[in-house]
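First the structure, in the form of structure tokens, and then the observations on it.
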Amino acid sequence: MLKVGLTGGIGSGKSEASRRLSDRGAVVIDADRIAREVVEPGTEGLAGVVAVFGDEVLRADGSLDRERLGAIVFSDSEKLAALNGIVHPLVGARVAELQNQAAEADEAAIVVYDVPLLVENNLAPMYDVVIVVDAADEVRLDRLTGARGMSEKDARARIAAQAAREDRLAVADIVIGNEGSLEELDARVDEVWAELSARRASRAR
């Protein structure tokens, strides 16, 4: 099994790259999706978040108001660390479970771990290959304020709360530049998939 860590700053297009790798046959384990699952109503994770941040981070239906929570933590490093301390262990346990399932299903699988905070949490050594989806900060800002409708203040706060661009690039084995069209992204993902397939084949020899 080839373990691939995929990361990129918010607004880089990492999710687009992840979907395209899945289309080409990768088993994708999405840490963001898992992070949402572990704080669904009735979970240990949501109870932990409410214990620290109060009922104000809940919607009327009892679900987590992720936007409100984000506004609180992304401008306060201590609160962000407190949130990560609740969520990350739960995410790690679920990722390990999914990894074992993937290995049992296909021991030669290319498993892509879509991990937004791979660099921030020093996770690069866990993977055989680290892929960074890269775009300039101003490109990402335009995407966040345009396509996602964030205020510029919130967008800049979220970018600032993540690793610097140069820190992500420093751990990359493969870089997917993503400042152009989706067609250009498709072409680059084709190249990357061919490289990952070659690496897997060489490991099997």
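The values are calculated or read from the model by the stated rules, or taken from the named source; none is laboratory data. The shown structure was predicted, so the numbers you read here are calculated from the model rather than taken from an experiment. Methodologically, a virtual Cβ is constructed for each residue, glycine included, from the backbone with ideal geometry; neighbour enumeration extends over all protein chains shown. Remember, those area values only see protein heavy atoms, side chains included, never the ligands or the DNA or RNA. Shrake-Rupley method; radii C 1.70, N 1.55, O 1.52, S 1.80 Å.
Key figures for this structure:
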read-out	value
L58 long-range amide H proximity, modeled H, under 5 Å	D65
Relative compactness, the chain, computed as alpha-carbon Rg over 2.2 N^0.38 Å	1.06
Descending Cα extents along the principal axes, segment 60-118, whole Å	42, 28, 15
Those lysines that a straight Cα-Cα span of less than 20 Å connects to K3, excepting residues fewer than 8 apart in one chain	K14
D128 paired with E152, simple spin-label distance in nm, labels 7 Å along Cα-to-beta-carbon	4.6
Using a Förster distance of 45 Å, the FRET efficiency for E97-E138 (Cβ separation, nearest 0.05)	0.70
Segment 146-205: Cα Rg divided by the 2.2 N^0.38 Å rule of thumb	1.56
Rounded to whole Å, sorted largest first: equivalent-ellipsoid semi-axes of segment 1-99, Cα gyration tensor	27, 15, 13
Listed residues A26, A103, A60, most fluctuating in the chain (Gaussian network, C-alpha, under 10 Å)	A60
At most 15 other Cβ within 10 Å, DSSP loop - GluC sites (Glu not before Pro), segment 126-205	E179
Rounded to the nearest 20 debye, dipole of the chain from Cβ charges on Lys, Arg, Asp, Glu	200
Rounded accessible area per residue of the chain, 1.4 Å, Å²	51
Two-decimal log10 I(q)/I(0) for segment 1-41, as the Debye equation yields it once each C-alpha is a single scatterer, q = 0.18, 0.21, 0.27 Å⁻¹	-0.59, -0.76, -1.04
Carbon and sulfur %, accessible surface of the chain computed with the full protein complex present, 1.4 Å	49
Residues of segment 1-40 with amide N under 13 Å of a point placed 7 Å along Cα→Cβ from L80	9-10
Residue list for segment 19-41, given a label point 7 angstrom along the Cα-to-Cβ vector of N121 and an amide N cut-off under 18 Å	28-40
Sites R33 and S202, calculated FRET efficiency, Cβ-Cβ separation with R0 35 Å, nearest 0.05	0.70
Dimensionless Rg over Rh [segment 130-175; C-alpha; Kirkwood]	1.02
Residue-averaged [θ]222 nm for the chain, counting only DSSP H segments that reach four residues, each worth -39500 (n - 2.57)	-17500 deg cm²/dmol
